[in-house]
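Following: one structure in structure tokens, then a few remarks.
Rule-based calculations on the coordinates, nothing more; no lab input. All of these numbers come straight from a predicted model, not from anything done at the bench. Glycine gets a Cβ as well: all are built from the backbone with ideal geometry, and neighbour counts include every protein chain shown.
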Amino acid sequence: MLTHLGKINRMALDFLFPPRCINCGQEGNYICADCLQTAPCIKPPVCPVCILPITGNRRCDCRFWQSLDRLSAPYLFQGAIRKAVIEFKFHNLRAIAPFFARLLERHLSTRPVSCDLLVPVPLHKKRFRQRGYNQSLLLAKELGKLTGLRLAANLTRNRYSPSQVDSENARQRRVNVTGVFTWSSQTLTGEKILLIDDVATTGATLDACASALKKAGASTVQALTLAREN
Ligand SMILES: [Zn+2]
Ligand SMILES: [Zn+2]
């Protein structure tokens, strides 16, 4: 009943205040068709494991990974996508989650991933209290509704760390994230996991999540994010 009311409220709000394109202001959607069309997609040549664009003699982020099998993402963290993710993450724009989930589903439909379970990257409880929501959980829930895939939000983040919005800083910091996450549910024997997050930077956080999931028995851990920093 409450969720129905919530839906009706949302529809009424959308009717009264239709979403506007975060990039150009056009009415109708959070990112209009024109801005989405020109959003920076991830296109070959990229590393097949960490999807880092292959340019010059730049070295891959995935050489540091120990547990994460593969990363996939439809967009680079630039332009309209970057603006929209920042609104989603830092300015309470939770309402954009279903829109982002449709972009993820569209990406999966052309690049299928073999998986049994969606697992969102968790926030530390202090960060969760500050923000009031976990954007990755919202994404995973909406993606679960669209794909019918099961969701398990049983990863816990044990260490509080500053938000990584700047890729260069994140790369320089390259903190040791081993043991940062623990899995607090039944064993995952043989399960194929798809980790969900909004943005991947170096993949170090995703790799630390993957390590906890593999310790719990997962056979493969891949990650899907909306965007990837390069
Ligand atoms: Zn636009
Ligand atoms: Zn790579």
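The aspartates and glutamates within cross-link reach of Lys215, meaning a Cα-to-Cα straight distance under 13 Å and a gap of 8 or more places when in the same chain, are Glu191, Asp207.
Counted over the chain, the DSSP beta bridges are approximately 25% antiparallel. For the range 56-132, just run the numbers: alpha carbon Rg, then divide by 2.2 N^0.38 Å, N being how many residues it has. For the range 56-132, the normalised Cα radius of gyration is 1.33. Panel values: the range 28-73, Kirkwood radius from alpha carbon pairs, Stokes-Einstein at 20 °C and 1.002 mPa s, translational diffusion coefficient 169 µm²/s. Taking 7 Å steps out from each Cα toward its Cβ at Ile86 and Ser185 produces label points 3.4 nm apart.
Its residue count N sets the reference 2.2 N^0.38 Å, and the alpha-carbon radius of gyration of the chain equals 1.00 times that reference.
Per residue, the chain reaches -11000 deg cm²/dmol at 222 nm when only DSSP H runs of four or more residues are counted, each adding -39500 (n - 2.57). When the charge dipole of the chain is built from unit charges on Cβ atoms (+1 for Lys and Arg, -1 for Asp and Glu) and taken about the Cα centre, the candidate among Phe77, Gly56, Gly217 whose Cα reaches farthest toward its positive end is Gly217. Here the gap between Asp116 and Ser161, fully extended at 0.36 nm per residue and compared with their Cα-Cα distance, gives a gain of 13.2 nm.
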